[in-house]
Amino acid sequence: MIERTGNGYSAYVPHLPGCVAAGDTRVETEALIREAVVEHLELLRESGDLIPQPQASISVVDA
């Protein structure tokens, strides 16, 4: 999930609590959250924790 903020963008992954990123632009934030996901999953594996199954879904609704 990427959201525009007052001074840039923030991102988080709903099924990976604590996996967040923020940047000045959307492109920067997308790159940072990709890196954060990779690192987050590596840390989970290293610590022997289970990787959570995705619980969120997304749909686009035209209104």
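The values are calculated or read from the model by the stated rules, or taken from the named source; none is laboratory data. Keep in mind the model is a prediction, meaning the values are calculated, not measured. Neighbour counts run over all protein chains shown; Cβ positions are idealised from the backbone, glycine included. For accessibility, only protein heavy atoms count, side chains too; no ligands or nucleic acids. Shrake-Rupley method; radii C 1.70, N 1.55, O 1.52, S 1.80 Å.
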So what's the back-of-envelope 222 nm ellipticity for the chain, counting only DSSP H runs of four-plus at -39500 (n - 2.57) apiece and dividing by all residues, rounded to 500? -11500 deg cm²/dmol
³J(HN,Hα), Karplus 6.51/-1.76/1.60, whole Hz, each residue of segment 42-49, x for Gly, Pro: 4, 5, 4, 4, 4, 8, x, 7
Which one of 10, 56, 21 has its Cα pushed farthest toward the positive end of the charge dipole of the chain, where Lys and Arg give +1 and Asp and Glu give -1 at the Cβ? 56
First select every other residue whose beta carbon is under 12 angstrom from the beta carbon of residue 36; then total the charges, Lys and Arg +1, Asp and Glu -1. -3
Starting from the Cα-Cα distance between residue 4 and residue 47, subtract it from 0.36 nm times their residue separation and give me the gain in nm to one decimal. 12.2 nm
Any residue on another chain or 5+ positions along whose placed amide H is under 5 Å from the amide H of residue 13 is listed here as 19
Per residue, how large is the accessible surface of the chain? Use a 1.4 angstrom probe and give square angstrom. 79
Heavy-atom accessible surface of the chain: percent carbon and sulfur, 1.4 Å: 55
In whole percent, the Cα-Cα distances of the chain spread across 5 Å bins from 0 upward as 4, 18, 22, 20, 18, 12, 5, 1, 0
Which one, 45, 34, 26, has the greatest fluctuation when you compute a Gaussian network model over the chain with C-alpha springs under 10 angstrom? 45
